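To start, the structure under review is shown below, and the notes come after it.
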Amino acid sequence: MGRIVGGFAMSHVLGAPQGVEAQSERVFAGMKHLGTQLRALKPDVLVMISSDHLNNFSLKRPMPVGIAVDDAFTPYGDMGLPLDPIRGAPDFARGLVKALRGRAVAFSEVRPDHGMMIPLGIVDPDRNLAVAPFYLNTVFAEALEPAQSYDLGRRLRAYVETSRPQNETVAILAGGGLSHWLGVPEEGRVNAEWDEGFIADLIEGRGDDLARLSNAEILREAGNGGLEVNAWIALAGAMPGCRGERLFYEAVPEWASGMGGVALTP
């Protein structure tokens, strides 16, 4: 049986530091600290849970849950991010698709956009890790509800613990969130109180409470971009009851996002 050796989550944007120099430095320092912790675990596989921004999914190619099964990935390159290839984990990924029993689609020729690449660029700058991209749709209707995301995390854990080789180690990195509104009149708003409460529930092991949220509530309190916290809720499902630490949090309206990062301990 395999085992999950650590779980992490971070916001997946970075903005210009001008005017928010102190905050941006704290955010970047927190992200680097998260990366140091993750790399120290030396996982055999890194499962990266995040959303796609209609660069791989589309309304013509709807995919509520997609697992990328390529041997390697070339990044999409949005936001000027590097195009250095990423090593895949095709055996793990294909097995996970089967384990999810129709709840996920295997897809190839994936070019991860910033939703994957900003977190990965921080935690694996030398491209050493084998990565299994796990996409949750939070962009177009119908987006996954928190209870569904939590259940997918539970099934990911079961797959690792019952179907993977003896002593295989797996780390999970969720990307997205926190509160932000994009392309709507509220753009630039950040709900720091909601963000802080969400982080507290996650690191205090109350993932089942997060699973009882609804997308309607998240949209109201955290914005359309806030739906990306479904990736964090999937992480909670994979590590039920596990506690952890808040590595950083900053409300940065100039970046139109609440910026946070956490680490959970098995």
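The values are calculated or read from the model by the stated rules, or taken from the named source; none is laboratory data. Small disclaimer: the values here were computed from a predicted structure and weren't measured. Cβ coordinates were reconstructed from backbone atoms using ideal geometry, including for glycine residues, and neighbour counts include every protein chain displayed. Just the protein is used for accessible areas: all its heavy atoms, side chains included, with ligands, DNA and RNA removed. Shrake-Rupley method; radii C 1.70, N 1.55, O 1.52, S 1.80 Å.
Within segment 89-164, the trypsin sites (Lys or Arg not before Pro) that combine a DSSP coil assignment with at most 12 other C-beta atoms in a 10 angstrom radius are Arg101. The aspartates and glutamates within cross-link reach of Lys60, meaning a Cα-to-Cα straight distance under 18 Å and a gap of 8 or more places when in the same chain, are Asp52, Glu109, Glu142. With the convex hull drawn over the C-alpha atoms of segment 11-164, the volume per residue is 125 Å³.
GNM remark for the chain: springs join alpha carbons under 10 Å apart, and the peak mean-square fluctuation among Asp78, Asp208, Asp124 falls on Asp78.
On the basis of the beta-carbon distance and an R0 of 35 Å, Glu25 and Thr162 show a calculated FRET efficiency of 0.20. Neighbours of His53 by Cβ distance under 9 Å: Lys/Arg scored +1, Asp/Glu scored -1, total -3. For segment 1-138, the solvent-accessible area with a 1.4 angstrom probe is 44 square angstrom per residue.
Based on DSSP, what percent of beta bridges with both residues in the chain are antiparallel, to the nearest 5?
Of all bridge pairs located within the chain, approximately 45 percent are antiparallel.
Annotation: lysines with alpha-carbon distance below 18 angstrom to Lys42 (same-chain offsets under eight excluded): Lys32. Sum -39500 (n - 2.57) across every DSSP H segment of at least 4 residues in the chain, then divide by the residue count to get the 222 nm mean residue ellipticity, nearest 500. Rounded to the nearest 500, the figure is -10500 deg cm²/dmol.
Is segment 118-266 rounded, prolate or oblate when judged by the Cα gyration tensor, a ≥ b ≥ c being the square roots of its eigenvalues, rounded requiring a/c under 1.5 and prolate requiring a/b larger than b/c? Verdict is prolate for segment 118-266. In whole angstrom, segment 1-53 maps to an equivalent ellipsoid with semi-axes of 27, 14, 7, each derived as √(5λ) from the alpha carbon gyration tensor and ordered largest first. Taking the charge dipole of segment 97-213 about its Cα centre, with +1 at Lys and Arg Cβ atoms and -1 at Asp and Glu Cβ atoms, the residue from Ser108, Val170, Leu129 reaching farthest to the positive side is Ser108.
For the chain, the carbon plus sulfur part of the accessible surface works out to 50%, probe radius 1.4 Å. Across segment 54-200, C-alpha contacts under 8 Å between residues 6 or more apart give a mean separation that, scaled by the residue count, equals a relative contact order of 24 percent. Most mobile of Pro146, Pro119, Pro64 per a Gaussian network model of the chain (Cα springs, under 10 Å)? Looking only at Pro146, Pro119, Pro64, the biggest GNM fluctuation is shown by Pro64.
Which of Gly19, Gly188, Gly197 moves the most in a Gaussian network model of the chain with Cα springs under 10 Å? The residue that fluctuates most here is Gly19.
Against the criterion of solvent-accessible heavy-atom surface with a 1.4 angstrom probe, Trp194, Trp232 sort, most first, into Trp194, Trp232.
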